[in-house]
Amino acid sequence: MAASITDHSVLDKISKDHLECPICTNRFINPTMLDCLHSFCFTCLKELHQQDPNNSILLCPLCRKKTTLEDNKVESLPKDFKLNALVDEFTVQEQLMEGHGSEVKCQACERDHMAVSRCIDCDNFICQECQQAHQHFAILKSHQIYALAQLQSGVVTYRSKIREYIPKCGKHSDQTLNIYCNTCQKLECTTCTVLDHGNPKHDLIGIPEALDKCKQEVAELVAKAEKCKVDIQTAMEQASESRKKLESSYAETNMKISQKAAKERAKITEEENQLKQEAESVYKDRVQTFETVEATNTKEVTQVEHKLGEVNQFMTQASSHEILDFKLKLINNLEELTKNQGEIVSDRFSFLEFEEGERSVGRLVLEDKQQAKAEAQAKEHETIHTKQEWKLKESVFKWANSVAAFSDNELVVQDTTHNSLFALKPQLAADKSQSAHCPQRLKVTGLTKPTALTVDNNDHLYVIEDLEVKVFNRKYMLHHQFQLSERMLSPSCLAVDENNLIAVGYLPGLISLYNPDGSLIRTFSTPVQVDYLTLYKERIIYSSRYDTHLHSVEYKGVKVFSVDTDQSEKSYGLCCDKDGSIFVAQYNGTTENNRICQYSPDGKYIGCVIEDCGNAYDITFTPSGNLVVAAYTSVKIYQVVSPV
């Protein structure tokens with residue numbers, strides 16, 4: 001009795017997990033398949049379509065993939081014969097179980113007798129009298145008959161006739177589909193091949209050859225999908241190992257911070273807490289990165305496993321005709337799997353170190369100096385951590401709010417007073433007493449109200465106008481343009497890096513990164529509004545007029561540093577020289593003059609390099625190394641003298 005109950009419970013679980021329609025939760029009736037290989041009751045799909053009968057597209061209730069209905073009819077969808085056969089076989093097995101609560105009746109007569117055997121050829125359960133009739137009639141003597149006990153014990157396995165179904169031609173109902181057209185990738189009958197596929201370009205082959213070829217293609221794509229799954233799992237393992245390193249580094253860093261802080265607890269408690277908060281912030285940011293990648297990869301692996309299981313089940317249980325009939329759907333589903341790639345987190349995210357300071361607790365080190373890239377950066381820092389002395393080379397009277405430089409040192413200036421652009425072109429006049437630059441108003445077609453500008457390495461001029469970025473060539477002809485993604489916000493500034501990636505800042509506190517063609521890469525929020533920004537080696541440095549901090553983030557929005565200028569001053573224009581030193585124009589307390597301060601690439605204050613440079617709304621470097629200041633009522637050009 002206990003064994004019987006166990007058998008019943010197992011069958012109930014199999015029925016619930018595999019043989020019940022996900023829509024009505026009842027056992028499948030006339031199962032019908034969508035393009036994604038998921039099956040549902042025909043009537044359930046019919047009712048689903050009736051919710052929007054004019055729409056020829058059905059969304060799968062499980063995976064949300066689209067299936068287009070031919071002639072907007074659910075009847076055009078293929079039947080899932082393998083699943084229908086499985087339901088039939090399962091139902092028969094339930095009927096055969098002892099103690100199931102029902103008797104198997106004869107299906108060959110109308111006398112309601114209990115069945116004692118099953119005729120495989122008639123595909124019916126038969127009673128004792130019908131079994132004897134089989135033995136008396138010569139035409140029935142060749143039929144295979146098995147006792148119910150044989151079927152119940154498993155000695156004989158019941159196999160549904162549905163599995164042997166060979167589909168008929170939709171145009172010629174008396175003919176089976178016995179030829180496969182490689183050109184059209186469809187099963188056809190003999191008549192159709194003559195009438196519709198007689199063109200010599202049509203490649204017609206037999207069912208066995210087509211089946212072998214289909215199995216080979218499916219096997220190859222399954223192998224590729226399995227490899228993608230392995231790659232994703234490898235990425236997950238790598239991320240897990242890096243996460244463990246991060247956990248260890250974080251614990252050790254906290255310990256070192258506490259040990260150092262304990263020596264001078266009284267006077268540096270505040271600094272210790274600040275460092276821990278900064279370490280925690282970095283840690284949480286990186287943990288979030290690991291968790292996001294882990295969740296994404298886990299989801300991808302699960303989806304690949306589910307789809308591979310469905311394909312393998314289909315290839316195992318479906319008939320030859322059914323496999324070929326669904327070849328395109330199989331190939332399409334598997335090709336989608338081969339496109340999945342695991343996300344990889346750089347191992348440098350696992351590095352977090354603490355460096356003791358001589359007069360303070362110390363600072364956080366976010367990059368491993370042993371790595372080759374960090375060593376190259378360290379060498380650069382050795383050459384740029386030197387304060388430079390600058391002198392005014394010349395000053396040109398011109399209203400200017402933004403400035404950029406071309407490769408030949410020609411300057412283009414934004415004049416908000418006249419809503420136009422001016423060019424300051426170098427002159428090769430013999431009279432050296434004359435200004436080297438002469439303002440010339442530019443006639444730029446398609447530009448009426450520029451608000452910010454910059455120049456890339458290809459001498460393309462990028463200009464923000466309203467909610468668009470317009471790109472002009474060296475002759476100031478429009479090259480291309482694109483719409484900004486944030487349609488409800490005000491863009492304030494832009495910059496272009498050496499790979500022509502474009503960063504745009506917004507006043508409400510957002511930064512968007514775009515590909516050269518204008519397609520959006522990502523958008524992330526910032527703690528302050530973004531008035532000025534510049535780019536250097538996949539980092540964004542930005543500032544706000546209403547904040548005394550200098551901020552830097554990576555292209556994914558991960559914070560690199562955020563340092564207080566210690567000057568209690570608001571920041572205006574900023575730029576980087578070729579070595580990555582950051583130059584920031586800062587308000588010095590007067591209404592007419594700013595000063596320019598120099599910072600190292602990692603945000604360390606080096607010193608003030610230019611005093612009283614006017615209202616420095618924007619600054620930039622020329623290829624020759626001159627520092628240009630758009631000082632509102634003039635354009636000032638400074639030349640480096642020597643390091644101090």
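The values are calculated or read from the model by the stated rules, or taken from the named source; none is laboratory data. What you see is a predicted model; the values in this text were computed from it and never measured. Don't worry about glycine lacking a Cβ; one is built from the backbone with ideal geometry, like all the others, and counts go over all protein chains shown. The protein model used for the area step is the full one, side chains on, heavy atoms only, and it has no ligands, DNA or RNA in it. Shrake-Rupley method; radii C 1.70, N 1.55, O 1.52, S 1.80 Å.
Cβ separations smaller than 8 Å between residues 6+ apart or across chains give the following pairs from segment 190-219 residues that are closer than 21 Å to Lys329 by Cα to residues that are open to solvent by 50 Å² or more (accessible area, probe 1.4 Å) and not in a loop (DSSP other than H, G, I, E, B): Ile205/Lys213. Consider only pairs whose beta carbons are under 6 Å apart and that are at least six residues apart or on different chains; among these, list those whose first residue lies in segment 135-159 and is over 17 Å from Thr91 (Cα atoms) and whose second residue is basic (Lys, Arg). Close Cβ pairs satisfying both conditions: Tyr146/Arg118.
Might you let me know whether segment 294-311 holds any residue that is open to solvent by 30 Å² or more (accessible area, probe 1.4 Å), farther than 30 Å from Asn182 by Cα and touching a Phe, Trp or Tyr at 6+ places or on another chain (Cβ under 8 Å)? No, because not a single residue in segment 294-311 is open to solvent by 30 Å² or more (accessible area, probe 1.4 Å), farther than 30 Å from Asn182 by Cα and touching a Phe, Trp or Tyr at 6+ places or on another chain (Cβ under 8 Å).
In segment 162-187, the residues that are touching a residue at least 12 places away in the same chain (Cβ under 8 Å) and surrounded by fewer than 13 Cβ atoms within 10 Å (Cβ to Cβ) reach residues that are among the charged types (D, E, K, R) and assigned to a loop (DSSP other than H, G, I, E, B) with C-beta atoms within less than 9 angstrom, at least six apart or across chains, in these pairs: Thr183/Lys201; Thr183/Asp203. Residues being open to solvent by less than 40 Å² (accessible area, probe 1.4 Å) and modelled with pLDDT under 85 are entirely absent from segment 599-606. For Cys44, the conditions (1) open to solvent by less than 20 Å² (accessible area, probe 1.4 Å); (2) touching a strand residue (DSSP E or B) at 6+ places or on another chain (Cβ under 7 Å) are fulfilled apart from (2).
Is it the case that segment 68-81 has a residue that's hydrophobic (A, V, I, L, M, F, W, C), part of a helix (DSSP H, G or I), open to solvent by 40 Å² or more (accessible area, probe 1.4 Å) and within 30 Å of Thr32 (Cβ to Cβ)? Taking every residue of segment 68-81 in turn, at least one turns out to be hydrophobic (A, V, I, L, M, F, W, C), part of a helix (DSSP H, G or I), open to solvent by 40 Å² or more (accessible area, probe 1.4 Å) and within 30 Å of Thr32 (Cβ to Cβ). Taken over segment 78-96, residues that are more than 15 Å from Phe314 (Cβ to Cβ) and either acidic (Asp, Glu) or touching a helix residue (DSSP H, G or I) at 6+ places or on another chain (Cβ under 7 Å) (or both) amount to 5.
Take Met97 and tell me if it is free of Cβ contacts under 8 Å to residues at least 40 places away in the same chain and under 30 Å from Gln150 (Cβ atoms). When the stated conditions are applied, Met97 does not pass them. On the given criteria, is Asn273 polar (S, T, N, Q), open to solvent by 50 Å² or more (accessible area, probe 1.4 Å) and more than 32 Å from the chain's Cα centre (by Cα)? Yes, satisfied. Evaluating Lys537 against the criteria (1) touching a residue at least 24 places away in the same chain (Cβ under 8 Å); (2) in contact with a strand residue (DSSP E or B) (Cβ under 6 Å, 6 or more places away or on another chain); (3) open to solvent by 50 Å² or more (accessible area, probe 1.4 Å); (4) of a type in the set (D, E, K, R) leaves one unmet condition, (2). Considering (1) touching a residue at least 40 places away in the same chain (Cβ under 8 Å); (2) open to solvent by 50 Å² or more (accessible area, probe 1.4 Å), the lone condition that Leu494 does not fulfil carries the number (2).
Asp121 passes every criterion in (1) farther than 24 Å from Thr316 by Cβ; (2) at pLDDT below 85; (3) surrounded by 13 or more Cβ atoms within 10 Å (Cβ to Cβ) apart from (3). Here Val528 fits the description: on the phi < 0 side of the Ramachandran plot, assigned to a loop (DSSP other than H, G, I, E, B) and aliphatic (A, V, I, L, M). Scanning segment 442-468 for residues being part of a strand (DSSP E or B) and either open to solvent by less than 20 Å² (accessible area, probe 1.4 Å) or at pLDDT below 85 (or both) gives a total of 7. Within segment 505-525, if we keep just the residues that are in a strand (DSSP E or B) and more than 21 Å from the chain's Cα centre (by Cα), the residue that is surrounded by the fewest Cβ atoms within 10 Å (Cβ to Cβ) turns out to be Tyr506. Open to solvent by less than 30 Å² (accessible area, probe 1.4 Å), modelled with pLDDT of 85 or more, in a helix (DSSP H, G or I) and not basic (Lys, Arg), is that true of Leu221? For Leu221, the condition - open to solvent by less than 30 Å² (accessible area, probe 1.4 Å), modelled with pLDDT of 85 or more, in a helix (DSSP H, G or I) and not basic (Lys, Arg) - is met. Residues in segment 144-161 that are at pLDDT below 85, among the β-branched types (Val, Ile, Thr) and open to solvent by less than 60 Å² (accessible area, probe 1.4 Å): Val156 alone.
Among residues of segment 280-296 that are β-branched (Val, Ile, Thr), those with a Cβ under 6 angstrom from a residue that is part of a helix (DSSP H, G or I) and surrounded by 18 or more Cβ atoms within 10 Å (Cβ to Cβ), sequence gap 6+ or separate chain, pair up as Val293/Ala239.
Considering the conditions (1) modelled with pLDDT of 90 or more; (2) in contact with a Lys or Arg (Cβ under 8 Å, 6 or more places away or on another chain); (3) of a type outside the set (Lys, Arg); (4) crowded, with 20+ Cβ neighbours inside 10 Å, Gln586 is excluded by exactly one of them, (1).
Of all residues in segment 251-270, those that are out of contact with any strand residue (DSSP E or B) (no Cβ under 8 Å at 6 or more places or on another chain), at pLDDT 90 or above and open to solvent by less than 50 Å² (accessible area, probe 1.4 Å) total 1.
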